[in-house]
Amino acid sequence: MEARYAGQGRGMTIVGGTILVGLCFFFAFLVNRLVEINTDLSPTLHARVVSQRTGQTVVPARRGSILDTAGRIVSGTRQRPSVFADPSMIKDVVATARRLGDALHLPAGQIEQTLRQNKSKRFCWLARKTDASVVEAVQALKIAGIGMRDESQRHYPMGALFGPTLGIVGVDGNGLEGLELLYDRHLSGLDGRHAAIYNGRKRNRKPIWRQGGGCALPVDGGHIVLTLDSVIQEIAARHLRRAVDEFDAEGGVALVMEPATGALLAVSQVPTFDPGAYQETARVDRRNRAVCDVFEPGSTFKPYIASGALWSGAVDPDEEIFCHNGLHYFGRRRMRDTTPRGNLTFAGIVAKSSNIGMGIIGERMGNEAIHRIVRAFGFGTPTGVGFPGEATGLVRPLKKWNAYSTTSVPIGQEIAVTPIQLITAFSAIVNGGTLHRPHLVKALLDADGQTVRSFDTPEVVRRALPTEIAHYMTREILVAVVKEGGGKPAALADWQMAGKTGTAQVAYADGGGYEPGAYDGSFIGA
């Protein structure tokens, strides 16, 4: 018995010694691990703690407003509530989506899909820039992981009146088209930042204390003052719509420009769109037709060539030109006038819009002189109005002109222009021969309304015509169009009008001839 007990004691001693050695190794490992944590791993772990417990909250800057020339807001910003989710907190996705569907006025399947697609994320939008009734309905559900946040939304008090010119702002507050895109940096401002201490939770992480340091206040966006006048714009839009409806046209453009400065007072088009509901309009239908669309100008182009004919001495203002009673061949090309005419004065050729008379004048000038005056008025190059997507129009190089060009260009064929080019060139005739760069923006203001940059000083591009020729064209030739020619409907009782009408066939997009029964009708006047 004694020997057996002694053997058991030795066994227990061995076991006890083994446990003690194990404990020593374990504590040595712990000490080594603590040393490692406090030395090698310390920077990494500290950085992780800092990232979990600290962060920055974004303080959005307010987007600046766009005003018309009289200070009326045409594009502003207002706050709208948006609904978001923390998908990691949603345990029953199907039930949550079903409950939210009625409140958000969205299909439950769509909400479920959004939550599942973002299940590994801590944030996703469910509905953006909604109204107060939606917020109340969502709050009443008291669903964990669903929250609300105010966002800035662009607001257009005048609806579709300025649509294509203003352009659009996307859901994230960035300018995507038009002036909203062109001046996006000026309008956007700079978002601010606030350093904050967070609760450190994996779920429902949120700031619990705003730190004093690390703060950058937001810089609100600046404002833009346009040259456009809402009253003139509304009048132009109303009359344009009436004309489009009367003639059952596919669309139309109306521009009003101040000839002495190049400032645009109205830019209207049909069809137009409301920038506040741009998703309902196809992108191709949102283009600004005044600067993006080109067309053959037809007879509205005749005043520019007639001006060049006077300048080059190709025609005498007092002479009469035989117009061949409405039918004439220029080489193998046959040309007709709508109304047969015999002898016409220079003023009569423009006033009665004789194609044959202009063809004869074109032959006298020659291609080089015609090309020179076309370029002098700015055709074939962008006007520099500064609007995104401005077209250059179409003026072929002189070396590609031929005998057909000699008689085609003077009657507004074989050339394509934009509405903004046409009115800019006409203003040069009316203002005494100076071609100005057209502009839409009057001034840039900072967030406090102080002027940062002014565009009041007219920008001269070049002298397109001598002053005496420009005055003669305006006061004699273009006045005769309204008094005696096709511009009679534009005559006013108390004011003398000067202008030019035009009707042109619509060319196929590939340049291969003209669409049957399709015409562009236009009038330009002052």
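The values are calculated or read from the model by the stated rules, or taken from the named source; none is laboratory data. Just so it is clear, the structure is predicted and the values come from calculations on it, not from any experiment. Here Cβ is always computed from backbone atoms with ideal geometry, including for glycine, and neighbour counts include all displayed protein chains. Note: accessible area is taken over every heavy atom of the protein model, side chains too, but ligands, DNA and RNA are not part of it. Shrake-Rupley method; radii C 1.70, N 1.55, O 1.52, S 1.80 Å.
Details
- The sole residue among Gln56, Gln52, Gln79 that is modelled with pLDDT under 95, open to solvent by 20 Å² or more (accessible area, probe 1.4 Å) and not in a strand (DSSP E or B) is Gln52.
- Of the residues examined, Ser120 is one that is surrounded by fewer than 14 Cβ atoms within 10 Å (Cβ to Cβ), assigned to a loop (DSSP other than H, G, I, E, B) and of a type in the set (S, T, N, Q).
- Inspection of the stretch 480-489 finds no residue satisfying the criterion of being open to solvent by 20 Å² or more (accessible area, probe 1.4 Å) and among the hydrophobic types (A, V, I, L, M, F, W, C).
- Counting only strands (runs of 3 or more DSSP E) that fall entirely inside the stretch 207-303 and contain at least 2 residues that are more than 27 Å from His436 (Cα to Cα) and not β-branched (Val, Ile, Thr), the qualifying elements are 207-210.
- Of all residues in the stretch 488-501, those satisfying the criterion of being in a strand (DSSP E or B) and either among the aromatic types (Phe, Trp, Tyr) or out of contact with any Lys or Arg (no Cβ under 8 Å at 6 or more places or on another chain) (or both) are Gly499, Thr501.
- Some residue of the stretch 453-466 being farther than 19 Å from Pro382 by Cα and part of a strand (DSSP E or B): yes
- Residue in the stretch 273-299 that is least open to solvent (accessible area, probe 1.4 Å), counting only those that are of a type in the set (S, T, N, Q) and farther than 19 Å from Ser522 by Cα: Thr281
- Top-ranked residue of the stretch 143-196 - restricted to ones that are of a type in the set (Val, Ile, Thr) and farther than 18 Å from Leu444 by Cα, ranked as least open to solvent (accessible area, probe 1.4 Å): Ile168
- With respect to (1) surrounded by 15 or more Cβ atoms within 10 Å (Cβ to Cβ); (2) modelled with pLDDT of 85 or more; (3) of a type in the set (S, T, N, Q), the lone exception for Gln110 is condition (1).
Residue-by-condition table, conditions (1) more than 21 Å from Gln413 (Cβ to Cβ); (2) surrounded by 15 or more Cβ atoms within 10 Å (Cβ to Cβ):
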position: Leu465; (1), (2): yes, yes
position: Leu492; (1), (2): yes, no
position: Trp495; (1), (2): yes, no
position: Ala518; (1), (2): no, no
